[in-house]
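Quick notes on the structure that follows.
Every read-out reported here was derived from the displayed coordinates using simple, explicitly stated rules and does not represent laboratory data. Only a predicted model underlies this, so the values are computations on that prediction, with no experimental measurement involved. Positions of Cβ are backbone-derived with ideal geometry, glycine not excepted, and every protein chain shown enters the neighbour counts.
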Amino acid sequence: MYHRVAAFRGLLFTRRALAPSTRLFSSSRPTFLNSLDTLSDDEEMFRDSVRRFAKDVVAPKVREMDENEMMDPTIIKGLFEQGLMGIEIPSELGGAESSFTSAVLTIEELAKIDPSVSVMCDVHNTLVNTVVRKYGTKEQREKYLPLLAQSKRSELLVVQLGSFCLSEAASGSDAFALQTRAKKEGNNWIINGSKMWITNSYEADIFLIFANIDPSKGYKGITCFLATRDMGIQISKKEEKLGIRASSTCTLNFDDLKVPEENVIGGEGKGYKIAIEILNEATSSGRIGIAAQMVGLAQGAFDKAVPYTYQRHQFGQPVGTFQGMAFSIAQAATDLEAARLLTYNAARRRDEGKSFTKEAAMAKYYASVVAQKVSGQAIEWAGGVGFTRETGIEKFWRDSKIGAIYEGTSNIQLQTIAKFIQKEYS
Ligand SMILES: Cc1cc2nc3c(=O)[nH]c(=O)nc-3n(C[C@H](O)[C@H](O)[C@H](O)COP(=O)(O)OP(=O)(O)OC[C@H]3O[C@@H](n4cnc5c(N)ncnc54)[C@H](O)[C@@H]3O)c2cc1C
């Protein structure tokens, strides 16, 4: 013990000797760095208003939308009216010009009530808006960002929902094996092919389509095009799914779809870079969005089931007070906290301009594991009623499965994390 105290004193002494101007002891309050869940006023305002919107507007429609497998149009309109569809878009272009963390909080809050509404907002903000904002020309930004943002400040509300069209029947994890082709004809590109699993596409007006303009160049021929519904996009099939059933997931066909040359985003042959950066590398915003969706989902299930365990009595006491139940709840709360902090940390790193690819992959991977586990446990905590549709707890569990699949499966996240570890240690 003596040695440890002496060593600690020695450390203090050394620090003082090395930095004579540093005051180790001061009567004024020391400055601390913020905890990860400290929010700016702007972010707090965002979170509170989304929370109200989710509770008042979304919650009453959740079950009906799930059963009808259809998003209520008033919710889409409401999201735009609340300014939640252009969170990072500059204010002069109609957006809220807030932080990425605000987007993450929005996605999380919506998912606590309905993960389907959450993913609609997520894809629009973190994928579509980010691509146009980061890679669009000045003209493209000025033309499309106000349509994608459409905050309540605009007088005439024309809702323009966005979708991100990369996956195809034969190219999922191996996204660059895509078969959709584009050929130049005069001042237009003619796109032929099809896309599968496209979120928001049933309701969307703006489509970011990835197609190869020169297959001889391999993935370096992949180009991103911005198309609008009126150019002739065909929805050929709407999927019937296990979860997030109100979120549309469709197959799209492009049959000589004519897109003007000025609608190439980020330059010819640069689509692979955009897709990598958005989904995987430098920006990987989408993955943090899905992590936030999974954190909100787990919290939503927890919030529904835990109060019930203190109301429901068996053997003369609330079931939540049996040690077996209490420990299970405590473990779930800890898992949830860890998932949330991983997610917030990745979001903060993006706002700070630091690298965050590994952190985003960890957040998405872990949050999807936690979402599945916690929502599954929540059903069990509530017993038989948890298994019925009436409580809405089972819906969270159904919805949780997708977290390990879209925007890179769990194996793909682990592959990303493993690459970083190998680079660091070999
Ligand atoms: C509801 C829903 C919404 C979606 N929304 C969109 C959207 O808006 N836009 C879009 O472009 N796409 C979207 N997708 C597609 C989604 O991104 C893909 O489903 C996902 O990338 C996985 O591709 P896959 O389904 O072809 O699976 P596959 O790639 O065929 O994977 C099958 C299995 O093989 C494993 N696997 C594959 N490769 C490897 C590897 N190298 N190492 C280890 N394991 C591997 C996977 O982890 C998985 O377990 C959506 C999908 C769903 C289900």
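At 0.36 nm per residue, and after removing the present C-alpha to C-alpha distance, how many nm does the segment from residue 315 to residue 45 gain when stretched out fully?
92.8 nm
Which lysines have a Cα less than 17 Å from the Cα of residue 184, not counting those fewer than 8 places away in the same chain?
In chain and number order, the partners are 217, 220, 258, 270.
Which semi-axes, in whole Å and largest first, does the equivalent ellipsoid of region 102-229 have when worked out from the alpha carbon gyration tensor as the square roots of 5 times its eigenvalues?
That gives 27, 19, 12 Å for the three semi-axes.
Using only the alpha carbon atoms of the chain, find the Kirkwood hydrodynamic radius as the inverse mean reciprocal pair distance, in angstroms to one decimal.
Result for the chain stands at 23.0 Å.
Which value at 222 nm does the chain reach when only helices count, each DSSP H run of 4 or more adding -39,500 (n - 2.57), with the total divided by all residues and rounded to the nearest 500 deg cm²/dmol?
-15500 deg cm²/dmol
What FRET efficiency, computed as 1/(1 + (r/R0)^6) with R0 = 22 Å and r the Cβ-Cβ distance, is obtained for residue 239 and residue 390, rounded to the nearest 0.05?
That gives a FRET efficiency of 0.30.
In whole Å, what are the Cα extents of region 83-142 along the three principal axes, biggest one first?
37, 16, 15
Only counting other Cβ atoms within 10 Å, I'd like 322, 53 sorted with the fewest neighbours first.
322, 53
Averaging sequence separations of C-alpha pairs under 8 Å and six or more residues apart, then dividing by the length of the chain, give the relative contact order as a whole percent.
This gives 15 percent for the chain.
May I have the extent of the alpha carbons of region 220-369 along their three principal axes, as whole Å values ordered from largest to smallest?
Principal-axis extents of region 220-369 (Cα, largest first): 72, 39, 19 Å.
Just the number, please: Stokes-Einstein D of region 280-425 in µm²/s, Kirkwood Rh from C-alpha pairs, 37 °C, 0.692 mPa s.
D, rounded to a whole number, is 206 µm²/s.
I need the peptides 264-273, 391-400 ranked by packing, meaning the mean over residues of other C-beta atoms within 10 angstrom, with the highest value on top.
Ranking the peptides 264-273, 391-400 by packing returns 391-400, 264-273.
Below 20 Å, Cα to Cα, which lysines can residue 419 reach? Residues fewer than 8 away in the same chain don't count.
273, 354, 358, 364
Suppose the chain between residue 192 and residue 253 were pulled fully straight at 0.36 nm per residue; how much longer would it get relative to their current alpha carbon spacing?
Extra length available between residue 192 and residue 253 comes to 21.2 nm.
Using the Karplus equation 6.51 cos²θ - 1.76 cosθ + 1.60 (θ = phi - 60°), what ³J(HN,Hα) coupling, rounded to whole Hz, does each residue of region 381-397 give in order, writing x for Gly and Pro?
Whole-Hz 3J(HN,Hα) from phi for region 381-397: 4, 8, x, x, 5, x, 8, 8, 6, 4, 7, x, 6, 4, 5, 4, 5.
I need the shape label for region 180-234. Rule: rounded when a/c is under 1.5, else prolate if a/b > b/c, else oblate, with a, b, c from the alpha carbon gyration tensor.
oblate
At a threshold of 8 angstrom on Cα-Cα distance, excluding pairs fewer than six apart, so keeping six or more, what relative contact order does region 163-269 reach in percent?
31
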